[in-house]
Amino acid sequence: MNWELINKLRRFCRTSWLKSAYLNFSMLPFQEAIKMPILVTRYTYFYSLSGKIKLSSPARFGMIRFGYFGEDVITPKDARTLLQIEGTMILASNVHFGNGVIIRIEPNATLDIQNNVRISNRTKIICYDNINIHHDSRIAWECQIIDTTFHYMRNIADNSVTELTSPITIGAHNWIGNRVSIMKGAYIPEYTIVAAGSLCNKKYDFPEKSLIAGSPAKLIKTGIYRCLDAEEIEIKKEKGLL
């Protein structure tokens, strides 16, 4: 039995062409929308689409997808994707979101996701200021990326008030493990592996190709990175797995 073909048919049947068309023609210029670059499943819901989506790559059919992978971890019916886009969402090609992802972009905020990024199931991205996810990054399931504390805090000693927001940058080729929290002000260099369950809440000043872990995260090891795409295929061929 050809399970790869069966899974492709399942994903095709989950597509909501009406919701996909509505999202494209509501958020994109006609000449881009007509190519249907964004596809969503029928388990995707729109809380607000008063903002705008900008494409940083030439529009092509299905290059951005919501809810089309991760069935081996969670079934689509168990988690609904929710989009609240009141600011600006910038998307490049080959950006895929898993099931149950929640994206909230407040007015005047910008979420910028570069090409070839995967964001897995039940991840929450809440953007009040600016969040940048650079190319070829992988974000595992149940992560949260939040650039605000939501509430002000006052220091009673000097009566000062903390800043409510601070931008987040996730460098290229990052591998963010499951249930990682990336909070306001975090800056993660390129080729970083963030171990599962870690908390990132500051600008990290360490070499590229490092492993960090803990709450808050600390440098564990340098000279290590996750193999992606073509390199991973070559390794599997060498090991006789393909």
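Being polar (S, T, N, Q), touching a residue at least 24 places away in the same chain (Cβ under 8 Å), within 26 Å of Arg60 (Cβ to Cβ) and in a strand (DSSP E or B) is a description that does not apply to Asn121.
Looking only at the stretch 144-160, count every residue that is surrounded by 12 or more Cβ atoms within 10 Å (Cβ to Cβ) and touching a strand residue (DSSP E or B) at 6+ places or on another chain (Cβ under 6 Å) and tell me the total. Write out each step before concluding.
Kept after step one, since they are surrounded by 12 or more Cβ atoms within 10 Å (Cβ to Cβ), are these residues of the stretch 144-160: 144-149.
Next, from what is left, pick out any that are touching a strand residue (DSSP E or B) at 6+ places or on another chain (Cβ under 6 Å): 144-148.
Summing the residues that are surrounded by 12 or more Cβ atoms within 10 Å (Cβ to Cβ) and touching a strand residue (DSSP E or B) at 6+ places or on another chain (Cβ under 6 Å) in the stretch 144-160 gives 5.
Any idea which residue in the stretch 161-187 is surrounded by the most Cβ atoms within 10 Å (Cβ to Cβ), counting only those that are of a type in the set (Gly, Ala, Ser) and on the phi < 0 side of the Ramachandran plot? This residue is Ala186. Applying the criterion of at least 2 residues that are in contact with a Gly (Cβ under 6 Å, 6 or more places away or on another chain), in contact (Cβ under 8 Å) with a residue 24 or more places away in the chain and surrounded by 19 or more Cβ atoms within 10 Å (Cβ to Cβ) to the strands (runs of 3 or more DSSP E) found wholly in the stretch 1-96 leaves 81-85. Scanning the stretch 209-237 for residues that are open to solvent by less than 40 Å² (accessible area, probe 1.4 Å) and of a type outside the set (A, V, I, L, M, F, W, C) yields Ser210, Gly214.
Yes/no per residue for (1) charged (D, E, K, R); (2) outside any strand (DSSP E or B):
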position: Asn159; (1), (2): no, yes
position: Thr169; (1), (2): no, no
position: Lys218; (1), (2): yes, no
position: Ile224; (1), (2): no, yes
position: Glu231; (1), (2): yes, yes
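Take Leu55 and decide whether it is at pLDDT 95 or above, in contact with a strand residue (DSSP E or B) (Cβ under 9 Å, 6 or more places away or on another chain) and farther than 30 Å from Tyr225 by Cα. Working first, answer last.
Details: at pLDDT 95 or above: yes; in contact with a strand residue (DSSP E or B) (Cβ under 9 Å, 6 or more places away or on another chain): yes; farther than 30 Å from Tyr225 by Cα: no.
So Leu55 fails the test.
The single residue among Lys19, Lys52 that is more than 22 Å from His135 (Cα to Cα) and among the basic types (Lys, Arg) turns out to be Lys19.
Tally time: how many residues in the stretch 97-113 are hydrophobic (A, V, I, L, M, F, W, C) and open to solvent by 30 Å² or more (accessible area, probe 1.4 Å)?
Quick first cut of the stretch 97-113, residues hydrophobic (A, V, I, L, M, F, W, C) only: 97, 101-103, 105, 109, 111, 113.
Imposing the further condition that a residue be open to solvent by 30 Å² or more (accessible area, probe 1.4 Å) reduces the set to 102.
Total meeting the criteria: 1.
Among the residues of the stretch 141-168, which ones are under 12 Å from the mean Cα position of the chain (by Cα) and free of Cβ contacts under 8 Å to residues at least 40 places away in the same chain?
Of the residues in the stretch 141-168, the ones under 12 Å from the mean Cα position of the chain (by Cα) are 141-146.
Those that are under 12 Å from the mean Cα position of the chain (by Cα) and free of Cβ contacts under 8 Å to residues at least 40 places away in the same chain: Glu142, Cys143, Gln144, Ile145, Ile146.
May I ask you to verify whether Glu190 is at pLDDT below 95, surrounded by 12 or more Cβ atoms within 10 Å (Cβ to Cβ) and part of a loop (DSSP other than H, G, I, E, B)? Against the criterion (at pLDDT below 95, surrounded by 12 or more Cβ atoms within 10 Å (Cβ to Cβ) and part of a loop (DSSP other than H, G, I, E, B)), Glu190 does not qualify.
What are the residues in the stretch 39-49 that are among the β-branched types (Val, Ile, Thr) and within 20 Å of Ile126 (Cα to Cα), if any?
If we filter the stretch 39-49 for residues that are among the β-branched types (Val, Ile, Thr), which is where we start, we get 40-41, 44.
Val40, Thr44 - these are the residues of the stretch 39-49 that are among the β-branched types (Val, Ile, Thr) and within 20 Å of Ile126 (Cα to Cα).
The values are calculated or read from the model by the stated rules, or taken from the named source; none is laboratory data. Note that the coordinates shown come from a computational prediction; the quantities given were computed from them, not determined experimentally. Here the Cβ is made from the backbone with ideal geometry for all residues, glycine too, and neighbour counts use every protein chain on show. Each accessible area value is taken on the protein alone, full model and side chains, heavy atoms only, with ligands, DNA and RNA left out. Shrake-Rupley method; radii C 1.70, N 1.55, O 1.52, S 1.80 Å.
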